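A short worksheet on the structure shown next.
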């Protein structure tokens with residue numbers, strides 16, 4: 001387009017010179033005009049060239065700016081991609097850490113179950129030994145009683161008694177014999193019934209519960225009953241009544257256990273073991289066939305003792321689901 005413009009200028013100048021050439025008489029003037037036109041054309045060419053050069057520079061600058069913007073966008077994308085990779089790596093590490101903790105927790109749970117199973121087996125073995133030992137002791141006592149004592153099964157010669165011996169005060173002798181015999185018998189019975197030491201109630205309670213720790217539930221039953229009868233108003237009487245009922249439950253004597261728990265619930269409703277006593281009462285009633293009454297006791301635990309420990313309340317919920325107690329019993 002610029003070249004066309006230049007050609008047009010040349011054509012105009014040529015026509016101008018041709019039209020006025022005849023009127024110019026001096027060649028010198030013509031040459032001067034041509035030289036002036038030549039200079040003007042060169043000036044015009046420079047101007048045109050500078051414009052095109054500036055346009056090229058502008059285009060180059062625009063291309064550079066576009067390239068710079070593309071590079072900046074690419075850099076931002078690369079940085080974002082690097083950030084995403086780092087986050088993914090962190091999530092992978094956390095996932096592996098959680099898996100490790102779950103494996104560790106599973107191993108601990110398996111070990112705990114094994115330990116509990118071993119302890120239960122030891123407890124069952126101990127109870128079996130206690131029962132077998134008691135049975136063996138009872139059989140030995142029966143066999144000893146069945147033994148024939150010397151001088152009792154065969155008739156013997158008692159000898160002769162002189163008249164002088166018969167004239168002694170027989171009444172006095174008989175009275176003294178009866179008195180001494182009754183005294184001996186009473187002392188023997190009393191000593192066999194009393195188990196608790198002559199000490200403070202706290203020491204007596206500790207002594208009575210010590211039989212539970214060694215698995216002697218028969219002796220524990222007698223000692224705890226004696227403690228409750230001896231100290232009915234003591235602060236530990238409710239606890240002793242609860243453990244007294246436990247001796248029956250452990251031996252699966254659920255009727256006696258329910259009766260003992262009921263007595264503890266009625267006499268000691270504010271003792272330390274009162275929530276446990278109420279829960280075990282409900283369980284024992286269900287086990288002897290009184291499901292409605294038992295479920296009523298279990299579901300009323302939270303209402304009766306809202307400040308009971310969480311373990312007791314959770315145990316009550318477990319027993320309620322286990323025995324399928326209806327909501328109407330609550």
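Quick notes on this structure:
- Residue count for segment 264-283 under the criterion of being more than 31 Å from the chain's Cα centre (by Cα) and under 23 Å from residue 216 (Cα atoms): the result is 1.
- Residue check, residue 284 surrounded by fewer than 19 Cβ atoms within 10 Å (Cβ to Cβ) and either touching a residue at least 24 places away in the same chain (Cβ under 8 Å) or at negative phi (or both): no
Residue-by-condition table, conditions (1) assigned by TED's automatic domain parsing to the domain that holds residue 298; (2) outside any loop (DSSP other than H, G, I, E, B); (3) closer than 22 Å to residue 210 by Cβ:
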| site | (1), (2), (3) |
| --- | --- |
| 226 | yes, yes, yes |
| 232 | yes, no, yes |
| 244 | yes, yes, yes |
| 259 | yes, yes, no |
| 262 | yes, yes, no |
| 266 | yes, yes, no |
| 271 | yes, no, yes |
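- Evaluation of residue 194 against (1) more than 23 Å from residue 290 (Cβ to Cβ); (2) in the same structural domain as residue 281 (by TED's automatic domain parsing); (3) exposed (fewer than 15 other Cβ atoms within 10 Å of the Cβ); (4) in contact (Cβ under 8 Å) with a residue 24 or more places away in the chain (one fails), failing number: (2)
The values are calculated or read from the model by the stated rules, or taken from the named source; none is laboratory data. Just so it is clear, the model here is predicted, and its values are computed rather than measured. Note: ideal-geometry Cβ built from the backbone for every residue, glycine included; neighbour counts use all protein chains shown.
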